[in-house]
Every structure is written in structure tokens, then in C-alpha cells.
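This report refers to the structure that appears directly beneath it.
Rule-based calculations on the coordinates, nothing more; no lab input. Note that this is a predicted model, so its numbers are computed, not measured. When we count neighbours, we look across all protein chains shown, and the Cβ atoms used for this are built from the backbone with ideal geometry, even at glycine.
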Amino acid sequence: MYLSDKPRLRCEPKFSISQNSHDVAILEAIANYLGTQNKIVPNTGPGSTVSQLSIYNFDTLFNKIVVILDQNPLLTAKQNDFIKWRMVLSMISRNEHLGVEGFDRVSKILKSGAPE
């Protein structure tokens, strides 16, 4: 076994949708449509009435979420966030996020005010 004292850099994309807890059926329908086994989790903060569906599976993110949002662009500032997120997913699909240089590029994309 090899142990390193160097910190590990990780790039773990996710997609989250939140709804009022009384609308949890919407989140369940989305999860079913995507064919994901992800759990819908209620926010446990004081007085919170929000539930959230978070998706981490790369295949679902890259081959389903990206396709849906490319075909149905967001009409808010969230579209810029999506474009940057999609760029990072594309990098991950080509293993361009690996190493310090790749991680730095991911970081620059996510911190930028507008997509490159």
C-alpha cells in the first residue's frame, strides 16, 4: 500500500433540484423520468419546508441532464451556470480534469463570471 501526504484534489459534479416539500411528487417524477435511484432528501434546517433531489451519477449527468438542458435552455442567469457546468463535465469525460493543471482549469471555469 502506498500512502501519500499530498492532499488529493477531487472533482465530483452533481445536479440538484429543490422544491417545497408539499411538491415532492415533482421530484419523484423527475427521478423516475431519469431512471435514477437517488433519494429525495428533506432539508433538515429549522423551519425548512424544502426537499432536494441530488444526482451524482456521471452517466446520468452527462447523457441525460445535459441533453435535456441543451434542448430546453434555462431562461435565467442559471443558464450561464449550466454552460460552465457542462464545460466541466465535458472535460471530465475526456479526463482533462486530472492533475493540478486540469483541476486549475476547472476551478477557473467555475469561478469565471461568464462561460469561456
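List of remarks:
- Solvent-free Debye calculation, one equal scatterer per alpha-carbon of the chain: log10 I(q)/I(0) at 0.09, 0.12, 0.23 Å⁻¹ equals -0.32, -0.55, -1.29.
- Prolate is the label for segment 21-88, because the ratio a/c of its alpha-carbon gyration tensor axes (a ≥ b ≥ c) is 1.5 or higher and a/b is greater than b/c.
- Note on GLU28 and VAL100: with the Förster distance fixed at 35 Å, the Cβ-Cβ geometry gives a FRET efficiency of about 0.30.
- The overall shape of segment 73-116 is oblate: from the C-alpha gyration tensor, with semi-axes ordered a ≥ b ≥ c, the ratio a/c is 1.5 or greater and a/b is no larger than b/c.
- With 21 Å as the limit, the listed pairs LYS14/LYS108; LYS14/LYS78; LYS39/LYS78; LYS39/LYS108; LYS39/LYS84 have LYS39/LYS78; LYS39/LYS108; LYS39/LYS84 beyond it between alpha carbons.
- The overall shape of segment 11-55 is oblate: from the C-alpha gyration tensor, with semi-axes ordered a ≥ b ≥ c, the ratio a/c is 1.5 or greater and a/b is no larger than b/c.
- Between the alpha-carbon centres of segment 31-74 and segment 75-96 there is a gap of 16 Å.
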